[in-house]
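Asker: I'd like to ask some things about the structure below.
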Amino acid sequence: MATATKGAIRNFHLPLPQRVYDALREEAASLRQPATVVAREAIEAWLRERKRAGVREAIAIYAVKHAGTAVDLDPSLERASLELLRGKKPRR
């Protein structure tokens, strides 16, 4: 995984429990990468996942809030999708 480094690189001191430190060192050695690179990529992946989770949560909240309302689903789009699922040609 390539790390995108736009802008300045900043240092961050992060004390780790011994078991986490050892596991990070072992993983870095097996990947033949510096432990800092492995840690940076892990943190970046975690941050991306947190952002995606936030978007999923926002969509779920919106869907619950608007379920059954006029913004829930366009009736013609719903009809077309159901016809497609049944194998019929959608009406226009």
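Here's the yes/no breakdown for (1) open to solvent by less than 90 Å² (accessible area, probe 1.4 Å); (2) part of a helix (DSSP H, G or I):
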{"residue": "LEU14", "(1), (2)": "no, no"}
{"residue": "ALA23", "(1), (2)": "yes, yes"}
{"residue": "VAL37", "(1), (2)": "yes, yes"}
{"residue": "ARG40", "(1), (2)": "yes, yes"}
{"residue": "ARG50", "(1), (2)": "no, yes"}
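Asker: I've got another one for you. Determine the pairs where a residue that is within 16 Å of PHE12 (Cα to Cα), located within region 30-50, has a partner that is among the aliphatic types (A, V, I, L, M) with Cβ atoms under 7 Å apart, the partner being 6 or more residues away or on another chain.
Answerer: Matching pairs, first to second residue: PRO34/ALA28; ALA35/LEU24; ALA35/ALA28; VAL38/LEU24; VAL38/ALA28; VAL38/LEU31; ALA39/LEU24; GLU41/MET1.
The values are calculated or read from the model by the stated rules, or taken from the named source; none is laboratory data. Owing to the predicted nature of the structure, the values given are computational and were not obtained by experimental measurement. Here Cβ is always computed from backbone atoms with ideal geometry, including for glycine, and neighbour counts include all displayed protein chains. Note: accessible area is taken over every heavy atom of the protein model, side chains too, but ligands, DNA and RNA are not part of it. Shrake-Rupley method; radii C 1.70, N 1.55, O 1.52, S 1.80 Å.
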